[in-house]
């Protein structure tokens, strides 16, 4: 399966420079590509590689093309965003190469008679689809996926093995859910019902029933072993085109705004709202009941304890340094009030001297 | 299914004020409730909503009732803890509304002939129950749950899909285990068996067999994708009514005291003991071989490296601020010893001047 | 099943002192052992327990043996590393005691006709093995394990229930993968394809296809619910004898050097390289595209944002202290620039006075 640059540009756009009939059959980095490869320049610091690459054609933007020493005799597809263009072409090559799963329900799956499964859907072995669930066109449910009663999976979605989606949830079109993710587990809510103090305390925690669901917009990706809890009364909401990495926890009643990306190991406590186009770094923790505005960026490992409404970059993480050096700073930090008191005393002494000098 | 206030108070307690024959069929927040709803006042700051609510009846405590402008003509159930009361009533309504699972073993489940499964238990599709396991009355094992050999699941427990409980573990009565949780995985223990240093080092890590189990008391809830390791020689122990959120790691040989709650993404290293009635915030990390006393509260994102025996609130987390501001503080923190040295120099200079002045 | 010290030393090495025909049938700690037990001294601080133990024999190194008050009349196996020796003997006892799984494919498993499964392998219920996968000798795949197309599982490996290994991955010999772990999920990569700013922004994130795999060397252990993403173009690589705890995230294109151990809840961002013999503490976060040299140790909860090439111990975590005390330090930290300005002002004042004094 090889394609001419003409065929590629017809499908994905861009202006061809060079031989429109040149055929490529795969993609490769600039420094590893041969005549059968399409390469791309996403970062201008690799511009010199464009001059030396053996690639059959290079995806490039007009600005970078203008900087080239000698573009003559080579092939380009000029596009404003070569990286996104590369991603789209790569996906198309992969789709062509991947084995086609046969539509239908595997005989080892358990699909309730009242569930609606589109004829084009691929339902793998040991999948469970409960009563009233709706599985859209071209959905793929891999082995051991569980879809609870009344849950709806939008057309074109792919749930990888061992994913659990509880009852009463909705996934939009083209959802990608990596293996082991859990959607719709009970939010963490308990009413304290204790009397007495200390050793005399009796009573228990009473579970607050979690009767909301999870509503997920179109084009959302959810990482492996990530967990998204159902709402207590209303739904937890993930808006369109949100991208969530692995091992992320999203608690009940959160709302994550469209196009926001959340890196691995982040945790977002209950009833927090995150705006659109935010970037939440890895292992960030965000407290419950706070609001992040649109375009807020939180750097990796930071903690957010109150609302941050203004767009911009926020941080509370220290980078690791040699242990002995760190311990010295940490000890001084714990005694910062003593340093401040010494400054105060100095200020008083200097003021007294100055006064004395004046007098 | 609607119930009179009389019927509700007979089952759940409390004193009725108003029309004992009024019927409610569901619950709702004060500001959204109609005559068919039971609402509740848990936080006095919403007291004014009680005056304007359309709810058929309001759960309230005696103190708040006394503060109402005009309670006449409306219905109340007076109870010391309206929030816990609400939770119990809500659960009862949900239990009535939920489809009843039929007791029995799904034909797609694999139950060893030597396992004991109560007749009232509901065993879902693709469930595996190994030899000698004991599944109590009214237990519900959802799709793809794995119960290892000799493991005991207490009466009334509910294990959601894709939960794994290894061999030789015990879950108490009424356990709730959310999807994807793992109980009884091997603790992380390896003996170093290396000789030589640097590039000349040879040898390997030798796995320490983990032959303890996990013992979990009654009324424990365990969150989605949470992991609890089995003990090395003795058991890892989770006492009664402990509530654990999603993506929490509890290492081998820990003991978590009764009624303690642990929020999402927390990690507790091996052989650590946590007291009763503690509250461990989200993403907290607790080192191994330390002890937390009863009633210890650790705020979110803090790290605990040594024992904290006294009840109270402990912290080591900074909240995120604007990146530029943070960097300024972080740079100064790294040079705190230089600030201290400048203070020292000033103190010497001022002392010299004072001495000179005196002289 | 009891063994003479002779039999044990023949298999595992070491020099016997005392009665070579004494039989032991199990292992126990020094202070709990009886004549039927083998005990061990790994930490010299328990040396006095060796004098009082009832153990049938004690594993000890030559240095500690020399310190004993009265070794006479008791049995020892002298070995340089009693802890590793204990681990190996314990494993042998466990292997003898554990029920033997019958080789073969469970009738409730789904193995593609083109997959190669060794005759000695044990394939549990609801396991899925896709086309072209290769399952080595003595491999054990527990219930609900998924092995994707073309993936190879090395001889002697054990995958616990609900583990997912995507297509195109390779696990070396003797891998141990705890329940719920995910290997080969898509790396988190998206090309931004947006135009406009603020509310006028349009476009989307374009998924970068992840066409690399995961390559895992021999003797690797992977913890419960840990996730290891496949590479974008090349493979994510885990070298031999790496040990990874629970709930760890390893992003695409990372390379983890041989013998490195990674504790629970750690997260390692994409394209990061970690050297050999490193120790990564619990809940450590490591940024993407950085390099850690060999023998680097990162203490628990620290964050690494740049390369650390020199062997040694690195830290950026604070231990929790009482909340009020912490808040005081945190407030001063935020105003450290003001303290510095006050020091500057003092320095100027003192200099002026000194100058005045001189003048």
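Some points to look at:
- Residue in the range B:239-259 that is in contact (Cβ under 8 Å) with a residue 60 or more places away in the chain, part of a loop (DSSP other than H, G, I, E, B), in contact with a strand residue (DSSP E or B) (Cβ under 9 Å, 6 or more places away or on another chain) and on the phi > 0 side of the Ramachandran plot present: yes
- Out of C:84, C:92, one residue alone is within 14 Å of another protein chain (Cβ to nearest Cβ), touching a residue at least 24 places away in the same chain (Cβ under 8 Å) and not in a loop (DSSP other than H, G, I, E, B). It is C:92.
- Single unsatisfied condition, residue B:272 versus (1) closer than 30 Å to residue A:246 by Cβ; (2) more than 14 Å from chain A (Cβ to nearest Cβ); (3) surrounded by 23 or more Cβ atoms within 10 Å (Cβ to Cβ): (3)
- Scanning the range C:163-205 for residues that are touching a residue at least 12 places away in the same chain (Cβ under 8 Å) and within 18 Å of residue A:257 (Cα to Cα), we see that the one that is nearest to the other protein chains (Cβ to nearest Cβ) is C:193.
- Residue in the range C:309-316 that is surrounded by fewer than 19 Cβ atoms within 10 Å (Cβ to Cβ) and facing another protein chain (nearest Cβ under 7 Å) present: yes
- Scanning the range A:54-81 for residues that are in a loop (DSSP other than H, G, I, E, B) and either in contact with a helix residue (DSSP H, G or I) (Cβ under 7 Å, 6 or more places away or on another chain) or loosely packed, with under 11 Cβ neighbours inside 10 Å (or both) yields A:61, A:68, A:69, A:70, A:71, A:72, A:73, A:75, A:79.
- Checked against the criterion of being at pLDDT below 90 and touching a strand residue (DSSP E or B) at 6+ places or on another chain (Cβ under 8 Å), the range B:333-353 contains one or more residues that satisfy it.
- If you filter the range A:275-291 down to residues that are within 17 Å of residue A:240 (Cα to Cα) and touching a strand residue (DSSP E or B) at 6+ places or on another chain (Cβ under 7 Å), you find that the one that is surrounded by the fewest Cβ atoms within 10 Å (Cβ to Cβ) is A:279.
- Some residue of the range B:215-223 being free of Cβ contacts under 8 Å to residues at least 40 places away in the same chain and part of a loop (DSSP other than H, G, I, E, B): no
- Residue within the range C:248-258 that is under 21 Å from residue C:156 (Cα atoms) and away from chain A (no Cβ under 12 Å) present: yes
- Tally of residues being surrounded by fewer than 22 Cβ atoms within 10 Å (Cβ to Cβ) and over 28 Å from residue A:95 (Cα atoms) across the range C:222-242: 2
- Checked against (1) more than 10 Å from chain C (Cβ to nearest Cβ); (2) closer than 26 Å to residue C:270 by Cβ, residue A:320 passes all but condition (1).
- Residue within the range C:185-204 that is in contact with a helix residue (DSSP H, G or I) (Cβ under 7 Å, 6 or more places away or on another chain) and at pLDDT 95 or above present: yes
- Filter pass, residue B:224 being farther than 22 Å from residue B:266 by Cβ and within 34 Å of the chain's Cα centre (by Cα): no
- Considering only residues in the range C:90-107 that are modelled with pLDDT of 95 or more and surrounded by 15 or more Cβ atoms within 10 Å (Cβ to Cβ), the one that is nearest to residue C:139 (Cα to Cα) turns out to be C:103.
Yes or no, residue by residue, for (1) in a helix (DSSP H, G or I); (2) within 8 Å of chain A (Cβ to nearest Cβ):
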| residue | (1), (2) |
| --- | --- |
| B:282 | no, yes |
| B:325 | yes, no |
| B:332 | yes, no |
| B:340 | yes, yes |
| B:343 | yes, yes |
| B:349 | yes, no |
| B:355 | yes, no |
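- Residue match in the range C:9-27 (condition: modelled with pLDDT under 95 and in a loop (DSSP other than H, G, I, E, B)): yes
- Only one entry in C:15, C:51 is in contact with a strand residue (DSSP E or B) (Cβ under 8 Å, 6 or more places away or on another chain), over 14 Å from residue C:89 (Cα atoms) and loosely packed, with under 13 Cβ neighbours inside 10 Å, namely C:15.
- Selected residue (only one of A:119, A:131 is facing another protein chain (nearest Cβ under 9 Å), out of contact with any strand residue (DSSP E or B) (no Cβ under 6 Å at 6 or more places or on another chain) and outside any strand (DSSP E or B)): A:131
- Residue that is in contact (Cβ under 8 Å) with a residue 24 or more places away in the chain and surrounded by fewer than 19 Cβ atoms within 10 Å (Cβ to Cβ), where the choices are B:7, B:36: B:36
- Condition broken by residue C:42, with the remaining ones in (1) touching a residue at least 12 places away in the same chain (Cβ under 8 Å); (2) at the interface with chain B (Cβ under 10 Å from one of its Cβ atoms); (3) part of a helix (DSSP H, G or I) satisfied: (3)
- Those residues of the range C:137-151 which are surrounded by fewer than 24 Cβ atoms within 10 Å (Cβ to Cβ) and either facing another protein chain (nearest Cβ under 10 Å) or part of a loop (DSSP other than H, G, I, E, B) (or both), in sequence order: C:137, C:138, C:149, C:150
- Of everything in the range B:284-308 that is outside any strand (DSSP E or B) and more than 12 Å from chain C (Cβ to nearest Cβ), the residue that is nearest to residue B:330 (Cα to Cα) is B:289.
The values are calculated or read from the model by the stated rules, or taken from the named source; none is laboratory data. Predicted model, so just to flag it, every value in this text is computed and none were measured. Glycine also receives a Cβ, built like all others from the backbone with ideal geometry; neighbour counts cover every protein chain displayed.
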